[in-house]
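Down below is the structure, laid out as structure tokens.
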Amino acid sequence: MKNRMALLVIDMLNDFLYGKLRCERCQRIIPNVRKLIQYSRENGIPVIYVCDSHIKNDSEFEKWPEHAVQGTKGSEIIPELKPREEDFIIKKRRYSAFFQTGLDSLLRELKIGEIIICGILTDICVQHTAADAFYRGYKTIIPKECTESLSDEAKEYSFRVMENLYNTRIVSLSEFIS
Ligand code: ZN
């Protein structure tokens, strides 16, 4: 039997696309992520937004400039990808969507075996989430036009790491939604 799937949309937030840690390269994937979300909704695949939501003076800010502080506009999902009422939202304070969040129990309640991952950045939050998914026995698949990083090199290297270490399937979006 095919694994039941869920879609994770990682960190498509104002601060990362347009704000404090603005990434212009990342803006290119917005239409692709929209398509993937739409496909998921049409096919009964639960859509789970995973969003950085930091406390003030979060220790992560010793490494990165302040971003996505809870309650600020920067921490909100970009308007182009507005969640619907039936979607799920998981807030995180570290790279991995699993670290001290309710994601694992949510996926178990939904009887999910395979996670489609999209969003940013490929080599940071996406990759750490793929690793944590692997540790917990979930399969992972990434439509490659639906994630982005600060350079092609960083993205491609991360794809290889995830394929080699976590058995992640890296596929094209058109292949996936056809
Ligand atoms: Zn963060």
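The numbers here are math on the coordinates, done by the rules we state, and not lab data. Just so it is clear, the model here is predicted, and its values are computed rather than measured. No Cβ is skipped: glycine too gets one built from the backbone with ideal geometry, and neighbour counts run over all protein chains shown.
Near the amide H of H54, within less than 5 Å, lie the amide hydrogens of V69, Q70, all on another chain or at least 5 residues away, with H placed in the peptide plane. Spatial offset of the range 147-178 relative to the range 26-72 amounts to 18 Å, using the alpha carbon center of each.
Counting other Cβ atoms within 10 Å as a rough exposure proxy, the listed residues R169, R160 run R160, R169 from fewest neighbours to most.
Could you give the semi-axes, largest first, of the ellipsoid that matches the chain, computed as the square roots of 5 times the alpha carbon gyration tensor eigenvalues and rounded to whole Å?
Details: eigenvalues 103, 62, 57 Å².
Here the semi-axes work out to 23, 18, 17 Å.
If the viscosity is 1.002 mPa s and the temperature 20 °C, what translational diffusion coefficient in µm²/s does Stokes-Einstein give for the range 101-178 when Rh comes from Kirkwood over Cα pairs? Translational D for this selection: 169 µm²/s. For N167 and E76, the FRET efficiency from 1/(1 + (r/R0)^6), where r spans their Cβ atoms and R0 equals 25 Å, is about 0.15. Looking at the range 36-80, the pairs of alpha carbons with a distance over 13 Å make up 63% of the total. Among the listed pairs K56/K144; K91/K139; K35/K63; K20/K56; K20/K92; K73/K111, which are separated by more than 25 Å between their Cα atoms? Result: K56/K144; K35/K63; K73/K111 exceed 25 Å. Find out how many positive minus negative residues lie around F159, taking Lys and Arg as positive, Asp and Glu as negative, among other residues whose Cβ is under 13 Å from that of F159. Spelling it out: positives minus negatives among the neighbours equals -3.
With contacts taken as Cα pairs under 8 Å at a separation of at least 6 residues, the range 5-177 carries a relative contact order of 26 percent.
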